[in-house]
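Right, one structure below, let's go through it.
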Amino acid sequence: MLFNSYLFLLLFLPIALMGYYAAGRISLKLAALWLCVSSFIFYGWWNPQFVALLSCSIVFNYVVGLLILHFAGSPKKQLLVTSVGVTVDLVVLFHYKYFAALFNFLSEWGLTHGAMDTLILPLGISFFTFTQIGFLLDCRSGLVKEKGFLSYVLFVTFFPHLIAGPILHHKEMIPQFADPANYRFKFENLSIGGVLFVIGLAKKVLLADGIAPYADAGFASPDDLQFWGSWATSLSYALQIYFDFSGYSDMALGLAKMFGIGFPLNFNSPYKAASIIDFWARWHITLTRYLTAYLYYPAAMAISRAREKRGMTVGSSAAKSPGGFAATIILPTLFTMGLAGVWHGAGMQYLVFGIWHGLCLSINHGWRIFVVGKKPPAQRHSGSMTQMACVLITFAAVLIGQAFFRADGMGKAWQLIEGMFGMRGFEGLESLGHAVGLSFGDAWRLVIGHHLQGVYIALLLAIAWFTPNAHQILGGFSPALFKTLKNPSQLLSWRPSLGWMLATLLLLALCVANVHKETRFLYFQF
């Protein structure tokens, strides 16, 4: 079931909300059970057979988690049980996501015979697998205190985050599910959650889906594109995924707020980032947090321990020498981002996407340590022009990575990049010549008609770069567990008022009139 469908908007969501708050007046456990059942219905609507997979995964990880907690006084047994649990999770994920691709790859090299059809990927398998692996690791670290089965099922299945995140920590959700105040209906929750949901729905339905056909057409045959066509395709996809994922994240946080639950912020205007480090602190924030905690830090710690045994420097001192920087910064960064790339899908292009971002992050860290770090503190502040240049350079690096992220294979990614660098020539601008001699109005309509994609791109870039995001608009009312940047615009600051209510209802009506397409969110494929 999709957030942007009539079924969800007009039937599922109203019934889920009414049932939740009605059950909450009787019993908290009954309300939690209602929410679990609703979430299973939401998940199973697409393909009921995968409800069994989700259920088995939940029961297995819950039992493994209890065993890990049971062996709290025996580190070796804890490690063994944790390893078995994580391995089984990864094997299941590998089976659905990578096995067919690996088999066909080996077949192309003559190492296996025949070809295998790609398996249907269960929706959200990466997200609920990662969520539960994090739970097992938190059990081993002693961070898990609540052992109730119902609260665990709710933690995994709560439908606003089940399909595409945000990726949640057990410790930040369980206290909220245990708080009786969150089961009582409040107009404030419905109002704020509704506004955030409508903003997200508008991003998806009116902006992302509108630019999507241009991106799809360009990536279908990038070898036909020259300079301007390649850039238009790249920018169209960059804006499609931006408003698609931003819209989904806003809708997820808005829905959770309607049920009295707060989620961590997952999207914070990443195209305004002035460095690639800043970009990953703003894009899919909870995935970055997950990768940092469970991949980067353990890898960096293992390297530091190995260096320490050899009597070598560790920590910030080690990073000041080229060899130490390569070992303690570049190596764990490439390891983490390489796996992050592969997590997005089976294919060499995803690995290249991850390695590209790992290299960019390494260069960014190197610049910060070896160039900026050697300047006196008073000279480290950059002006507005420098800041603007940094934003554009960061955005260009992101576009290169997205070519691999979106293309159907390495070949098509390279073709698009070749076009962006002008290696297949430049298109003529004949339409401008046709406008000569026409009246201003006719010339303007002719040029706009021939370059509608460019106008669309300019409009969406202006929104992404120069307007506050949804959480800045909500300001102190934002339901995010950690707050966003301050809103520079007083005009676009939400407040409980008749004017904002009418504006929200008008935007909702506009969205509802356009949800007939029911296009899936891009991150559902991961």
What are the trypsin sites (Lys or Arg not before Pro) within the range 70-152 that DSSP puts in a loop, where the Cβ has at most 16 other Cβ atoms within 10 Å?
Lys145, Lys147
Which of the three applies to the range 26-160, rounded, prolate or oblate, going by the alpha-carbon gyration tensor with a ≥ b ≥ c and a/c under 1.5 meaning rounded?
oblate
Given the range 439-526, what whole percent of its Cα pairs are spread farther than 23 Å?
52 percent
Of the accessible area of the chain, with the probe set at 1.4 angstrom, what percent is carbon plus sulfur?
70 percent
Could you run the Karplus curve 6.51 cos²θ - 1.76 cosθ + 1.60 with θ = phi - 60° over the range 227-244 and give me ³J(HN,Hα) per residue in whole Hz, x for Gly and Pro?
4, 5, x, 5, 5, 5, 5, 4, 5, 4, 5, 4, 7, 4, 5, 4, 6, 5
When only the heavy atoms of the protein chains count and the probe is 1.4 Å, how do Trp500, Trp34, Trp414 rank by accessible area, highest first?
Trp414, Trp34, Trp500
With a 1.4 Å probe and all protein chains left in place, how much accessible area per residue does the range 397-451 have, in Å²?
57 Å²
Check: the range 121-238 dipole with +1 on Lys, Arg Cβ and -1 on Asp, Glu Cβ, in debye
580 debye
Is the C-alpha gyration tensor of the range 135-192 telling us rounded, prolate or oblate? Criteria: a/c under 1.5 is rounded; beyond that, a/b larger than b/c is prolate, otherwise oblate.
prolate
Checked against the positive end of the charge dipole of the chain (+1 on Cβ of Lys and Arg, -1 on Cβ of Asp and Glu, about the Cα centre), the farthest of Ile199, Ser384, Ser304 is Ser304
How large is the helix-only mean residue ellipticity at 222 nm for the chain, computed as the sum of -39500 (n - 2.57) over DSSP H runs with n ≥ 4, divided by its residue count, in deg cm²/dmol to the nearest 500?
-20000 deg cm²/dmol
What are the ³J(HN,Hα) couplings of the range 123-131, residue after residue, when phi is run through the Karplus curve with 6.51, -1.76, 1.60 and θ = phi - 60°? Round to Hz, x for glycine and proline.
4, x, 4, 5, 6, 6, 6, 4, 4
Charged-residue dipole, Cβ positions (Lys, Arg, Asp, Glu), the chain about Cα centre, Debye nearest 20:
2060 debye
Could you work out the longest stretch of the chain that avoids the GluC sites (Glu not before Pro) located in DSSP loops with at most 16 other Cβ atoms within 10 Å?
147-426
Geometric extent, Cα atoms of the range 318-369 - Rg, Dmax (angstrom):
11.7, 36
In Hz, Karplus ³J(HN,Hα) per residue of the range 474-484 (6.51, -1.76, 1.60; θ = phi - 60°; x = Gly, Pro)
6, x, x, 8, 4, x, 4, 5, 10, 7, 8
Calculate the dipole size of the range 368-526 relative to its Cα centre from +1 charges on Lys and Arg beta carbons and -1 charges on Asp and Glu beta carbons; express the result in debye to the nearest 20.
840 debye
Sticking with the crude label model, points 7 Å out along Cα→Cβ, report the distance from Gln49 to Leu7 in nm, one decimal please.
1.8 nm
Per the charge dipole of the chain (beta-carbon charges, Lys/Arg positive, Asp/Glu negative, Cα centre), the residue among Trp356, Ser5, Gly366 reaching farthest to the positive end is Gly366
Tell me which residues come under 5 Å, amide H to amide H, from Phe267 once H is placed; ignore anything under 5 positions away on its chain.
Ile285
Is the C-alpha gyration tensor of the range 267-310 telling us rounded, prolate or oblate? Criteria: a/c under 1.5 is rounded; beyond that, a/b larger than b/c is prolate, otherwise oblate.
oblate
Residues of the range 254-383: accessible area per residue at 1.4 Å, in Å²?
45 Å²
What whole-number value in cubic angstrom gives the convex hull volume per residue for the C-alpha atoms of the range 1-87?
114 Å³
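The values are calculated or read from the model by the stated rules, or taken from the named source; none is laboratory data. In this text, all values refer to a predicted model and were calculated from it rather than measured experimentally. Positions of Cβ are backbone-derived with ideal geometry, glycine not excepted, and every protein chain shown enters the neighbour counts. Surface areas here come from the heavy atoms of the whole protein model, side chains and all, with no ligands, DNA or RNA. Shrake-Rupley method; radii C 1.70, N 1.55, O 1.52, S 1.80 Å.
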